[in-house]
Amino acid sequence: MSDTPTTTLIRNLAWLVAWDAPNKRHVYLRDADIAFRGGEILHIGPGFAGKADRVIEGAKRLVIPGLINVHTHPTSEPLRKGITDETISPGFWHSSLYEFLTVFNTDDAGAKACMQVALAELLMSGVTAVADLSVPFDGWLDTLAESGIRACIAPMFRDARWYTEDGHLLKYEWNKANGRKGFDNAQRLIELARQHPSGRLMGMVCPSQVDTCTPELLRDAHDFAKERNLPYQIHASQSVVEFHEMTRRTGLTPVQWLNSLGVLDDRSIIGHCIFVDEHPWLHWTTRTDLSILAETGTTVAHCPTVFVRRGITLRTFGEYRRKGINVGIGTDTYPHNFLEELRIAMHLSRTTAGTVPDAMTADVFDAATIGGAKALRRDDIGRLAVGAKADLVLVDIEHPAMRPMREPLRSLIHVAAERAVSDVFVDGQQVVANGKCLTIDLDAASAALEEAQARSLRDVPKHDWAKRSADQLAPMSLPIVDRI
Ligand SMILES: [Zn+2]
């Protein structure tokens, strides 16, 4: 075997989304070639003259940069399909966090199956880099590496867990030793990720939620992120309950309080950040949260699907960006169909603002590429440029859902989504071919996930405050009858 990296050429591309570095923007190139050697882009533009080991004809293809998912929970969320789609939790403003996420649990075998199903779906919808916010389990890093994706592990840790005894009062069971233990383990895993032989893993420091961590843990975690130059992510302003819990405890909004601790800067990412002071449901008086986010350089990880299912949305994606806030996109929950997530982000923004230009196609595409790269502190992904990583997605422009093919990104995001994604490369390695994931046995993982969900459903009454069954907590959409 030779150690010389192979060179791949995709030639005569019908369309290519290239990075125009001087103007800091994506642009369309036509009739162009893209070549990469090993994991790095070597050439973009017409007439590649070098030698290639593999040549792919591009006349029927659009190539875009691999998409970046800045917030997802692949270890647990796929198991809740058919359950948290319709969360009914009136005592908690229908958030799924306090009555549902605490009872539908995943065991280790289920965690791996969940993750494989989620990663396959992400890869097949054009995601090449993902921030994985998980409770660590054995085999986590290897499962990520084997999938071929580029991953930023975000091992979650916290001082308190949520519980309720009545379905309307949220309580916290504090255990600071547990928080420290989780933080120590996260540091160890982040180092293992950095050293991982795949070269595709990195780490992020992730105290789980603003309301479940002590100020000491939040500050120490931020100090560690700073010392190692890592991103830092936390869930905050994610529910009405949490917003009022924090104002009750501190007199400040979650964003103001995090800022007062000194943990918001350009390495910080806030997961969700919907319930900011100006959100109309809160009737709060200050109007500083969005300017704090913009001035500190904090990124917002916007995950529209998981909220819109509960009738909740950020106000608005376009408004946050106009205020100067960096926004990245995440899937948080199933489906892990990133292209659909972009469409939903755009539609919600337009609907909430009541205008079309609140969020244009280019805006969500930017958030999903360079917005995400900035959040992960990377300038070598989320763009197709010489010297950047060979993380790229080939789209079949002759797929019926892409035609008539006047405007490639609109056809892809507004209509076709993952159906037209044909091939995906991460770090120069092909991970999707003809729309199928090469690195994960999706049928086997789906079967294992079904078994894991069945195990989880059986245990629900043990964990629910009212000892309800899974069917009582999440009834079927239609009655099942013996006959009619
Ligand atoms: Zn989350």
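The values are calculated or read from the model by the stated rules, or taken from the named source; none is laboratory data. Fair warning: this is a prediction, and the values are worked out from it, not measured in the lab. With ideal geometry, Cβ positions are generated from the backbone for all residues, glycine too; neighbour counts draw on all protein chains shown.
Numbers below:
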item	result
Within the stretch 56-78, considering residues that are under 13 Å from the mean Cα position of the chain (by Cα) and either away from the ligand (no atom under 14 Å from the Cβ) or among the hydrophobic types (A, V, I, L, M, F, W, C) (or both), the one surrounded by the fewest Cβ atoms within 10 Å (Cβ to Cβ)	L67
Matching residues, the stretch 184-218, being surrounded by fewer than 19 Cβ atoms within 10 Å (Cβ to Cβ) and within 19 Å of T247 (Cα to Cα)	T214, P215, E216
Some residue of the stretch 355-363 being touching a Lys or Arg at 6+ places or on another chain (Cβ under 9 Å), more than 20 Å from Q238 (Cα to Cα), of a type outside the set (A, V, I, L, M, F, W, C) and buried (at least 20 other Cβ atoms within 10 Å of the Cβ)	yes
From the options D53, D85, residue that is modelled with pLDDT under 95, over 17 Å from D423 (Cα atoms) and away from the ligand (no atom under 16 Å from the Cβ)	D85
Residues of the stretch 184-209 satisfying the condition of being outside any strand (DSSP E or B) and among the β-branched types (V, I, T)	I190
Residue match in the stretch 239-260 (condition: assigned to a strand (DSSP E or B), within 16 Å of the ligand (Cβ to nearest atom) and of a type in the set (A, V, I, L, M))	no
Cβ-Cβ under 7 Å pairs, at least 6 apart or on other chains, the stretch 213-225 side within 12 Å of A177 (Cα to Cα), far side not in a helix (DSSP H, G or I)	C213/R158; C213/D159; C213/P207; T214/D159; L217/D159; L217/P207
In the stretch 300-321, residue surrounded by the most Cβ atoms within 10 Å (Cβ to Cβ) [restricted to those that are away from the ligand (no atom under 16 Å from the Cβ) and assigned to a helix (DSSP H, G or I)]	F317
Residue check, L409 in contact with a Ser or Thr (Cβ under 6 Å, 6 or more places away or on another chain) and either in a strand (DSSP E or B) or among the basic types (K, R) (or both)	no
Residues that are among the small types (G, A, S), out of contact with any Leu (no Cβ under 8 Å at 6 or more places or on another chain), surrounded by 14 or more Cβ atoms within 10 Å (Cβ to Cβ) and assigned to a helix (DSSP H, G or I), drawn from the stretch 159-183	G182
Qualifying residue in the stretch 279-299 (condition: within 15 Å of the ligand (Cβ to nearest atom) and out of contact with any helix residue (DSSP H, G or I) (no Cβ under 7 Å at 6 or more places or on another chain))	no
Scan of the stretch 135-158 for residues that are assigned to a strand (DSSP E or B), more than 20 Å from G199 (Cα to Cα) and not aromatic (F, W, Y), ordered by number	M156
Among (1) touching a Leu at 6+ places or on another chain (Cβ under 7 Å); (2) of a type in the set (A, V, I, L, M); (3) farther than 17 Å from T305 by Cα, the one test that L79 misses	(3)
